[in-house]
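Structure first, then comments.
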Amino acid sequence: MSHRDPPGIIAPHIPADDWRRAEATGAPLVIVVQATDSTSIPWRRVLIAFGVAGAAAVGTWGLVVALCTLLDATADAVTAIATAAGPIGVGGITFRLARSKGA
């Protein structure tokens with residue numbers, strides 16, 4: 001994980017023993033600060049966002065396919081039951097739930 005200083009700190013931290021050694025010996029202390037003011041697109045964020053959106057889309061399509069398969073199986077089961085039951089009559093009115101193959 002990269003180290004990031006909180007906002008408002010201009011120079012990075014210099015360890016105390018290095019500072020004291022440079023102060024005692026008169027040796028120069030060199031501070032190197034790399035510029036991080038990049039104006040490019042943060043590709044990692046973009047790729048993560050597209051990955052999450054793609055996973056959500058694939059998952060949604062999976063649910064739709066599963067629901068269609070379940071409804072198809074239910075329709076087949078209802079047709080088989082209605083065919084086996086034959087005509088149903090209530091109060092002199094007869095309903096035929098499914099047509100026979102010959103009619």
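Miscellaneous remarks
- What the phi angles of segment 16-31 give under the Karplus curve with 6.51, -1.76 and 1.60, with θ = phi - 60°, is a coupling list of 4, 5, 5, 5, 5, 4, 5, 5, 6, 8, x, 6, x, 10, 9, 10 Hz, glycine and proline written as x.
- Gyration tensor (alpha-carbon) shape descriptor, segment 22-71, a/c threshold 1.5: prolate
Readers should treat all values here as calculations from the given coordinates under stated rules, not as data from a laboratory. Nothing here was measured: the structure is a model prediction, and the numbers come from that model.
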